[in-house]
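Undergrad: The structure that follows is given in the form of structure tokens.
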Amino acid sequence: MDLAQFKEDVIQYSKQIGIDKIGFASPDVFTEMKERLRTQQELGYQSGFEKGSIEERTEPKLHVPESKSIISIALAYPSKLKDAPRSTREERRGLFCRASWGEDYHDVLNERLYRLASYLKERYPDLQFRSMVDTGELPDRAVAERAGIGFTGKNTNLITSEFGSYVYLGEMITNIPFAPDEPVEDSCGDCNICVDACPTGALIQGGQLNAQKCIAFLTQTKDFLPDEYRGVIGNRLYGCDTCQTVCPKNKKKDFHNHPEMEPDPEKVKPKLKPLLSISNREFKETYGKMSGSWRGKKPIQRNAILALAHFKDVTAVDELVRLMKEDPRPVIRGTAAWALGKIGDWQGKEAIESAQMKETDEQVLDEMRKGLEFFTENV
């Protein structure tokens with residue numbers, strides 16, 4: 001078999017099935033990444049969402065013992081929201097990050113990788129492979145970087161020349177000995193805009209992220225949000241795009257290549273108050289196909305409460321009082337109490353004092369005390 005021609009055929013086929021960029025890499029151990037992951041682990045910078053051991057994340061042959069190459073793919077996603085609804089005093093809105101616009105990107109990329117695997121199998125019957133998208137063990141960025149898709153910027157995002165960092169990544173480990181592509185040179189230079197702009201200082205230095213401080217991670221947690229981050233979350237319901245939107249490499253980058261990735265404005269910038277009373281069924285029907293729904297409605301509702309506090313939305317007081325008194329989840333009751341104090345309406349103060357008499361959860365009681373302290377500070 002003429003492998004050079006086969007590789008070219010694969011590249012052409014990838015374009016036909018809607019893959020925006022494709023690259024090929026060796027399956028050698030990711031030695032540098034292994035050391036970086038160990039450092040992240042030692043410093044406590046990992047999110048806890050990572051899958052597999054450090055060895056499983058850096059040694060492709062553990063997944064496909066006969067591997068000879070890794071195919072990396074990238075699909076560009078939109079960065080601009082057309083006909084974005086406006087937030088008003090009566091109807092404040094939250095925001096899902098761009099990586100949660102449209103259908104869940106895991107499904108979209110896995111469908112492309114499935115079609116690519118089917119094509120390879122026809123041409124190479126002895127194909128052995130394993131595909132991964134984000135939730136697999138291999139770090140997508142490290143693979144894409146080795147495959148020449150782009151370079152990892154100081155914001156830890158994979159940056160391509162064509163699409164900036166607005167790309168989803170996936171890979172396929174194969175036993176086909178495709179020739180590897182050349183990596184792309186890092187071109188961040190002296191630019192440090194993303195590091196300086198990070199709302200929580202999660203970008204410790206160029207290329208190193210403390211996931212525990214990253215808003216994208218924090219919005220996905222299910223417990224009480226630490227006090228120091230409640231004031232900077234703003235109206236973010238899921239994820240954070242700051243380090244992407246400030247990046248000069250992303251200027252004027254906005255691609256609408258895939259219908260599945262087109263955002264529904266009412267879903268990605270939803271009204272906040274209706275989220276407080278949405279049922280599990282309604283949440284699944286409305287947001288279930290978005291990647292931002294993977295942790296369920298609880299984190300989204302908690303973040304919506306914090307967003308209403310950020311806006312000091314007095315029109316939400318009645319609903320927040322209801323949650324504080326009736327919701328079975330301590331995180332929601334406590335966050336609602338904190339938000340009532342932040343909003344500062346005296347009806348909220350009376351409600352907190354009343355609810356304190358019946359509350360038994362210590363964490364919720366602590367949040368109620370914090371809420372009441374806001375009123376004392378404002379006297």
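The values are calculated or read from the model by the stated rules, or taken from the named source; none is laboratory data. Nothing here was measured: the structure is a model prediction, and the numbers come from that model. With ideal geometry, Cβ positions are generated from the backbone for all residues, glycine too; neighbour counts draw on all protein chains shown.
Undergrad: On the given criteria, is THR174 touching a residue at least 24 places away in the same chain (Cβ under 8 Å), of a type outside the set (Lys, Arg) and surrounded by fewer than 21 Cβ atoms within 10 Å (Cβ to Cβ)? I'd like the intermediate steps shown before the answer.
TA: Working: touching a residue at least 24 places away in the same chain (Cβ under 8 Å): yes; of a type outside the set (Lys, Arg): yes; surrounded by fewer than 21 Cβ atoms within 10 Å (Cβ to Cβ): no.
Spelling it out, it is not the case that THR174 is touching a residue at least 24 places away in the same chain (Cβ under 8 Å), of a type outside the set (Lys, Arg) and surrounded by fewer than 21 Cβ atoms within 10 Å (Cβ to Cβ).
Undergrad: Do we have GLU103 as part of a loop (DSSP other than H, G, I, E, B) and closer than 24 Å to THR286 by Cα here?
TA: yes
Undergrad: Let me ask another. Would you pick out the residues in the stretch 177-236 that are over 30 Å from PHE6 (Cβ atoms), of a type in the set (A, V, I, L, M, F, W, C), touching a strand residue (DSSP E or B) at 6+ places or on another chain (Cβ under 7 Å) and assigned to a loop (DSSP other than H, G, I, E, B)? Walk me through how you get there before you give the answer.
TA: Step one: filter the stretch 177-236 for residues over 30 Å from PHE6 (Cβ atoms), giving 186-236.
Then keep just the ones that are of a type in the set (A, V, I, L, M, F, W, C); that gives 188, 191, 193-195, 197-198, 202-204, 209, 211, 214-218, 224-225, 232-233.
Restricting the remaining residues to those that are touching a strand residue (DSSP E or B) at 6+ places or on another chain (Cβ under 7 Å) gives 194-195, 202-203, 209, 215.
ALA202 - this is the single residue of the stretch 177-236 that is over 30 Å from PHE6 (Cβ atoms), of a type in the set (A, V, I, L, M, F, W, C), touching a strand residue (DSSP E or B) at 6+ places or on another chain (Cβ under 7 Å) and assigned to a loop (DSSP other than H, G, I, E, B).
Undergrad: Mind checking which residues of the stretch 109-156 are among the polar types (S, T, N, Q) and not in a helix (DSSP H, G or I)?
TA: To start, the set of residues in the stretch 109-156 that are among the polar types (S, T, N, Q) comprises 110, 118, 128, 131, 135, 152, 155-156.
GLN128, SER131, THR135, THR152, ASN155, THR156 - these are the residues of the stretch 109-156 that are among the polar types (S, T, N, Q) and not in a helix (DSSP H, G or I).
Undergrad: Note down all Cβ pairs under 6 Å where the first residue falls in the stretch 346-370 and is within 16 Å of ARG329 (Cβ to Cβ), the second is aromatic (Phe, Trp, Tyr) and surrounded by 14 or more Cβ atoms within 10 Å (Cβ to Cβ), and they're at least six residues apart or on different chains.
TA: Correct list of pairs: GLU367/TRP338.
Undergrad: Right, something else. Being among the polar types (S, T, N, Q), surrounded by fewer than 16 Cβ atoms within 10 Å (Cβ to Cβ) and under 19 Å from LEU158 (Cα atoms) is the filter here; which residues of the stretch 11-45 pass it?
TA: Initial filter on the stretch 11-45 (among the polar types (S, T, N, Q)): 12, 14, 16, 26, 31, 39-41.
After this cut, where a residue has to be surrounded by fewer than 16 Cβ atoms within 10 Å (Cβ to Cβ) as well, the list is 12, 16, 31, 39, 41.
Selection gives THR31 alone.
Undergrad: Since GLU162 meets every condition but one in (1) among the acidic types (Asp, Glu); (2) under 15 Å from the mean Cα position of the chain (by Cα); (3) more than 29 Å from GLY296 (Cβ to Cβ), which condition does it not meet?
TA: Result: GLU162 fails condition (2) only.
Undergrad: Just need a number here: residues in the stretch 72-89 that are at pLDDT 95 or above, touching an Asp or Glu at 6+ places or on another chain (Cβ under 9 Å) and over 30 Å from GLN128 (Cβ atoms).
TA: The qualifying residues number 4.
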